[in-house]
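Student: Can you read through this structure? Questions will come right after.
The values are calculated or read from the model by the stated rules, or taken from the named source; none is laboratory data. Remember, it's a predicted structure, so these values are computed and weren't measured experimentally. Here the Cβ positions follow ideal geometry from the backbone for every residue, glycine too, while neighbour counts run over all protein chains shown.
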Amino acid sequence: MRSFLLKLDKFESYACQALLCLFVTLLFIQVILRVVFNYGIPWSEELSRFAFVWFVFLGASYAARLSAHNRVTFHLKLLPEKVRNGIELIADVLWIAFNTLMTVKSIEVIESLMEFPFLSPALDWSMAFLYLIFPISFTLTSIRIVQVNYLKLVKGVKFKDVDDIEMEENKI
């Protein structure tokens, strides 16, 4: 199981990096072509939009793994650690319930798109294929929530609060 999660870490990281490079490069080329040559590539905007959506949803899963999703926690920091962990666990259970609902509903949408095909205008790709990111990312996010809670509550791993600003002594 541990090797699967490590491979999943690498996959999510590399996929996000590749998607980010893809959509930034496509948009850069599109801007240059339009400004310099007064020409645009019709499919590049659509592909960059799809890459961006996949990047955002895979990135959300990866952020869950890093325990880096934004939360309103200033009031929780006033509570004892066990109480804070309990409240965060309840919130995470609700988050998993939401993810499960979104996974089920997105699969229903994909099934509908398979039955009544809808193609993207420029690339002529099936939207069912493109919508696969929704059940994938919501399922991965749920796996990551369970993983983080296991590490935090069972293994005692402390995750750094991404909202805390730490000043390095050597920096001005």
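Student: Only one residue in Leu6, Leu19, Leu58 is in contact with an Asp or Glu (Cβ under 8 Å, 6 or more places away or on another chain) and in a helix (DSSP H, G or I). Which one? Give the steps one after another, and end with the answer.
Tutor: Details: Leu6 fails: in contact with an Asp or Glu (Cβ under 8 Å, 6 or more places away or on another chain); Leu19 fails: in contact with an Asp or Glu (Cβ under 8 Å, 6 or more places away or on another chain).
Selected residue: Leu58, the only one of Leu6, Leu19, Leu58 that is in contact with an Asp or Glu (Cβ under 8 Å, 6 or more places away or on another chain) and in a helix (DSSP H, G or I).
Student: Taking the conditions exactly as written (at negative phi, aromatic (Phe, Trp, Tyr) and buried (at least 17 other Cβ atoms within 10 Å of the Cβ)), does Phe11 satisfy them or not?
Tutor: Values: at negative phi: yes; aromatic (Phe, Trp, Tyr): yes; buried (at least 17 other Cβ atoms within 10 Å of the Cβ): no.
No; evaluated as a whole, the condition is false for this residue.
Student: Any idea how many residues of segment 133-159 are free of Cβ contacts under 8 Å to residues at least 40 places away in the same chain and exposed (fewer than 14 other Cβ atoms within 10 Å of the Cβ)?
Tutor: 6
Student: Quickly run through segment 61-70 and pick out the residues that are assigned to a loop (DSSP other than H, G, I, E, B) and touching a residue at least 60 places away in the same chain (Cβ under 8 Å). Full working, then the answer.
Tutor: So the first thing to find is which residues in segment 61-70 are assigned to a loop (DSSP other than H, G, I, E, B), and the list is 66-70.
Hits for segment 61-70 are Leu66, Ser67, Ala68, Asn70.
Student: Determine which member of the set Phe118, Phe129, Phe159 is in contact with a helix residue (DSSP H, G or I) (Cβ under 6 Å, 6 or more places away or on another chain) and modelled with pLDDT under 95. Full working, then the answer.
Tutor: Values: Phe129 fails: in contact with a helix residue (DSSP H, G or I) (Cβ under 6 Å, 6 or more places away or on another chain); Phe159 fails: in contact with a helix residue (DSSP H, G or I) (Cβ under 6 Å, 6 or more places away or on another chain).
On inspection, the qualifying residue turns out to be Phe118.
Student: Going by the conditions given, is Leu47 crowded, with 16+ Cβ neighbours inside 10 Å, on the phi < 0 side of the Ramachandran plot and in a helix (DSSP H, G or I)?
Tutor: Numbers: crowded, with 16+ Cβ neighbours inside 10 Å: yes; on the phi < 0 side of the Ramachandran plot: yes; in a helix (DSSP H, G or I): yes.
Considered against the rule, which asks whether it is crowded, with 16+ Cβ neighbours inside 10 Å, on the phi < 0 side of the Ramachandran plot and in a helix (DSSP H, G or I), Leu47 comes out as yes.
Student: Restricting to segment 24-67, name every residue that is aromatic (Phe, Trp, Tyr) and more than 30 Å from Gln147 (Cα to Cα).
Tutor: So the first thing to find is which residues in segment 24-67 are aromatic (Phe, Trp, Tyr), and the list is 28, 37, 39, 43, 50, 52, 54-55, 57, 62.
Phe28, Phe37, Tyr39, Trp43 - these are the residues of segment 24-67 that are aromatic (Phe, Trp, Tyr) and more than 30 Å from Gln147 (Cα to Cα).
Student: From the list Arg84, Arg71, Arg65, Arg34, exactly one residue is under 15 Å from the mean Cα position of the chain (by Cα), of a type in the set (Lys, Arg) and either at pLDDT below 95 or surrounded by 14 or more Cβ atoms within 10 Å (Cβ to Cβ) (or both). Which is it?
Tutor: Values: Arg84 fails: under 15 Å from the mean Cα position of the chain (by Cα); Arg71 fails: under 15 Å from the mean Cα position of the chain (by Cα); Arg34 fails: under 15 Å from the mean Cα position of the chain (by Cα).
One residue alone meets the criteria, Arg65.
Student: Looking at segment 18-33, I want the residues that are within 14 Å of Arg49 (Cβ to Cβ) and touching a residue at least 12 places away in the same chain (Cβ under 8 Å) and have a partner that is small (Gly, Ala, Ser) and surrounded by 16 or more Cβ atoms within 10 Å (Cβ to Cβ) with Cβ atoms under 7 Å, at least 6 apart or on another chain. Which pairs are those?
Tutor: Leu19/Ala51; Leu22/Ala51; Phe23/Ser48; Phe23/Ala51; Leu26/Ser44; Leu26/Ser48; Leu27/Ser48; Gln30/Ser44
Student: So which residues in segment 101-129 are touching a Ser or Thr at 6+ places or on another chain (Cβ under 7 Å), exposed (fewer than 15 other Cβ atoms within 10 Å of the Cβ) and not aliphatic (A, V, I, L, M)?
Tutor: Pro117
Student: Which is hydroxyl-bearing (Ser, Thr, Tyr) and not in a helix (DSSP H, G or I), of Thr73, Thr103? Quick ask: steps written out before the conclusion?
Tutor: Values: Thr103 fails: not in a helix (DSSP H, G or I).
Just one listed residue meets the conditions, Thr73.
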